[in-house]
Each structure stands twice: as structure tokens, then as C-alpha cells.
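Take a look at the structure below.
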Amino acid sequence: MEITYVAILLATLIVGLAVGYLWGYAFLKRLNTTKAAQIIKEAEAKAETLLKDKMLEAKEKILAMKAEHENYVREVEKKLQEQVQRLKGKEQALQQKLEYTNRLQHALQEKDKAAKEKLDMLQKREEELEKIKVRSIQQLEALSGLSREEARRQLVETIKNEARAEAAAFIQSTMEEARLTAQKEARRIVIQTIQRIGTETAVENAITVFPLENDDIKGRIIGREGRNIRALEAATGVEFIIDDTPETIVLSCFDPVRREIARLALQQLVLDGRIHPGRIEEVVEKVTKQIEDEIVEVGKRTAIDLGIHGLHPELIRYVGRMKYRSSYGQNLLQHSREVANLCAVMAAELGLNPKLAKRAGLLHDIGKVSDVDNELPHALLGMKLAEKYKENPEVCNAIGAHHDEIEMTSLISPIVQVCDAISGARPGARREVTASYIQRIKDLENLAMAMPGVSKAFAIQAGRELRVIAESDKVSDQEADALALSISQKIQKELTYPGQVKVTVIREKRSVAIAR
């Protein structure tokens, strides 16, 4: 179609040129016949030449376009042949798949048919077995004279009785084995734990002695009409005792944190030399901030040293405050670290979680450093704080139960209690005045001896246990329980003692006869 369209255009162009020349020829003939004839000849010659050139050019273009068209047709035919080949290949593959599918379908039909036949056969056999089972049960019921339900109840009852007997025998043997090995194993674990943990003996006092270079500084510390020392005592809450003791000032306060703030503040004031009420307040405020930062740092360092992670910031602060608290001369932080390590060792020996035990051991005395003014025992107060800051329930129970204020609900609780007792009772751990210790022992024994029906009383375990020997002819077994309760209540009301005192009343009757 493209070749035909080009040929028509070329023919139209040639006809147009011929018509133009003829029209020119007629026009020139009118003007000048001679010139016209000459011009016409020239024009005819040119037109003929031009016509030949154009015809040749048109033929060349037509041939070129024809060749291009033939190439295009060949390429299209080639592509069509390739597509036909691909389609034939796909058709063959589909035909093969269809044949394979037909074979599979036929095989599945055969298997389905065989399965149905087997299912029918199994159903028939199941029906036959059910009939045989019913007949067997009827025969058994007829032979035994029992119904099916009655036989089942008897069988269940027999199995229960046998299970109870086996369980009782197992429990009895287990308890006997535990009685034989528990005390020995417990002693081994406790001794091994104590041997593996060692701590220094720490002694804390209720006063701090501040040394001076000379006694002239005492006057500057006192100030005009005592205003400096009054400002110091008001800012720190510590009593400054300045007497005739040479080159010494005594700082007295029940709170070791405030006493340490007063010591550091006084040290800075003496080194600076400017001692007046305004400067005193400024230095005390600065030192208080330093101590608070140090408390937090000590708490963080302690937790890192023990490998305890995830403590609440407030609990970390309470741990740091333990550094400035002591109990019977034993530094509370050192005591808590020691208890934490003991708990971890003992828990590992018993197959429990040592990290959880170590956490409970570190936090067991946080109630002693609480900011809350509460009349609760320190164990219960510590438990409340641990619960407030989302500690593990087992840790909270161990804190609250380490002095038997609440019931123990996990195995970590007795471990913390035992390790607390080990740390507090070891030689050199706590300092106590000998005279007051002896007097407390005597007061315990005298209080027990004053009760009716008591023949002897012995305070043992450093005054932590009181054993009372009751007269068997004056005190019955029921009265012995009441006697122990009465003595414990009287101790609570009349005596002052650390920790707790266990009262044990022993009543026995001995009959002696001599054969001569």
C-alpha cells in the first residue's frame, strides 16, 4: 500500500509538470511565435529531461521501498514462525501434563475405591467387635454378679487404696532418709558457705572525733557569744561538744549521715578560715549535696560489684545510705554485702537462683535506712519499700520474713534469714559492751526464774535463746505452752534486746530406782 501511494504521488507530480509546461507553451505562443517555438523546444527538452530524471528517481525510491518492505515481511514471517514453534512446544507440554493428570486421576480413583472398600470392611469389623464386647460384658456381669458400674467403682477403689499405700510408704521412706541426711547436709552447706565468704570486722561509733591543729581554732568555731557553734548545730542537727580535751572536738548524733555532713563541713570551714553563720549555711548545703551524690554513687558501685542489675534508683539510694549506718558496731552496708554473697553461695549449693538470692540478701535491711517515719519493724518496712518499687515477690517475702514477722512463702526466705544470722553472729562482726551484755543475760534468766514452776533457766546463743526447765510436778504439758508464751510476752514488755529471743520450755519427768 505504501508503494502504490508513492507511485500515485509521483504520477500526479509528473502530470502537474506536463500541464504546467503546456500552459506555458500556449501562453508564450500568443506572445511571440518565434521565441515561443524556441522556448517551447527548450522547455520540452528540459521537461523531457526532468521527467526522465524524476521517473528514474521515482523508480529508485520504489525499488528501495519495495526491498525494505520485502525485508520487513521476511522478518515478520520469521517471528511468526518462531511463535508458531513455541506454541507447538507449549501445546506438546500441555498435552503431556494432561496425559499425566489423567493417569493420576485414574490412579486416585482406583485408590479411593480401594479405601472405600477397606473402610466398609473396617466398619463391619468394628460392628462385629462391638457385638463381641457387649456379649463379653454381659457374660462377665453374669459370672461376677456385678454390673459394669459396680465393677468399675470397685476397680477404682482398689487402685486408689494401692496408690495411697504406695504413696504413704514412699513418703515415710523419704522422710526417714531426710531425717538422716538433712542435718548433716545442712551443716555441710552452712560451713562451706561460711568458709567461702570472708569480710573485714567493721566497728562504728555513735560519735565522731574531729582533730584540731591547736586549741585556738576552738574559739573561732564557737564564735562571738556562741553564734557560730549554734549555727553549726542548727544547720547540721549534730551536737558539737567542745570541752577541755586538747585539740579535739566531739561530734555527737544518732544519725551517721548528719554526723558525716557536720564533719566534712567543719573540715572545710577550718581549712578555709572563714567561719561565720552565712558561710556555715553555704558550706553545709554544699556538703549535703556532695554526700547525697556520694550515697547514690556508693549504691551504684555496690550493685555493680555484686552483679545486681535493674534496681530502682530509690533502692540504689537506700543501699548507698547503708554505708553511714551501723548495727551493734557492724557497718550495715558491709553486713548487707556479706549477706548477699552468703545467700548466693547457699542458693547455688541448693540448686536455687543465686542472683535472686543475692538481690534479696542485699536489700533485706533497707527498712533500717528508710526516710519514712514509721513504727513498723524494719523487715516489714523494707518489704513495703520493695513492693513499692516493683521488686520480685520472692525478694519482697524474703525481706519481710527474715525476722519471722510474716510467713515464708519461698525457699529464698529461709536462706536470707540464715545468712543474716551467720553474718551477725560471726566472731568480731558486732561490738557490744561486756557489762551490758552480761546484765542482759542475767535479766533474761532472772525474769524466767521469777515465773512459778520454773526450776532452772539458761540464756544461750548470746542471749538470743532462753531455755527454761519446768518442774514436772507443778507444770503440766498444757501449762508448759502457756508458760513459754507468758515468758516471751514479759520479755517484750520489760527488757530491751537486739533481734529476737526464742523461749524454749522443757518439762520432763524422771523416775529413778536403785537396785542394791
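The values are calculated or read from the model by the stated rules, or taken from the named source; none is laboratory data. Every value quoted in this text rests on a predicted model; they were computed, and no experiment measured them. Every residue, glycine as well, gets a Cβ built from its backbone with ideal geometry; the counts of neighbours run over all protein chains shown.
Inspect all residues belonging to the range 451-471 and state whether any of them is more than 27 Å from Ala379 (Cα to Cα) and without any contact (Cβ under 8 Å) to a residue 12 or more places away in the chain. No, the conditions are met nowhere in the range 451-471. Within the range 470-516, restricting attention to residues that are part of a loop (DSSP other than H, G, I, E, B) and β-branched (Val, Ile, Thr), the residue that is nearest to Asp420 (Cα to Cα) is Val501. Among the basic types (Lys, Arg), in a loop (DSSP other than H, G, I, E, B) and either at pLDDT below 80 or surrounded by 15 or more Cβ atoms within 10 Å (Cβ to Cβ) (or both): does that describe Arg431? Yes, satisfied. Lys66 - would you say it is under 30 Å from Leu9 (Cβ atoms) and in contact (Cβ under 8 Å) with a residue 60 or more places away in the chain? When the stated conditions are applied, Lys66 passes them. Can Val339 be described as among the β-branched types (Val, Ile, Thr), over 32 Å from the mean Cα position of the chain (by Cα) and in a helix (DSSP H, G or I)? The answer is no for Val339. Note on the range 228-262: among residues that are of a type in the set (A, V, I, L, M) and within 41 Å of the chain's Cα centre (by Cα), the one that is surrounded by the fewest Cβ atoms within 10 Å (Cβ to Cβ) is Val257. For the range 342-357, residues that are of a type in the set (A, V, I, L, M) and outside any helix (DSSP H, G or I) total 2. Please verify whether the range 258-269 includes one or more residues that are more than 24 Å from Ser326 (Cβ to Cβ), without any contact (Cβ under 8 Å) to a residue 12 or more places away in the chain, assigned to a helix (DSSP H, G or I) and in the same structural domain as Leu332 (by TED's automatic domain parsing). Checked against the condition, which is being more than 24 Å from Ser326 (Cβ to Cβ), without any contact (Cβ under 8 Å) to a residue 12 or more places away in the chain, assigned to a helix (DSSP H, G or I) and in the same structural domain as Leu332 (by TED's automatic domain parsing), the range 258-269 yields no hits at all.
Being of a type in the set (A, V, I, L, M, F, W, C) and either closer than 15 Å to Arg440 by Cα or surrounded by fewer than 13 Cβ atoms within 10 Å (Cβ to Cβ) (or both) narrows it down to one residue among Ile491, Ile469; which is it? The unique qualifying residue is Ile491. Could you count how many residues in the range 234-252 are free of Cβ contacts under 8 Å to residues at least 40 places away in the same chain and of a type in the set (A, V, I, L, M, F, W, C)? Counting residues in the range 234-252 that are free of Cβ contacts under 8 Å to residues at least 40 places away in the same chain and of a type in the set (A, V, I, L, M, F, W, C) gives 5. Tell me, yes or no, whether the range 366-385 has at least one residue that is crowded, with 22+ Cβ neighbours inside 10 Å, over 20 Å from the mean Cα position of the chain (by Cα), of a type in the set (A, V, I, L, M) and under 17 Å from Ser410 (Cα atoms). Looking through the range 366-385, at least one residue is crowded, with 22+ Cβ neighbours inside 10 Å, over 20 Å from the mean Cα position of the chain (by Cα), of a type in the set (A, V, I, L, M) and under 17 Å from Ser410 (Cα atoms).
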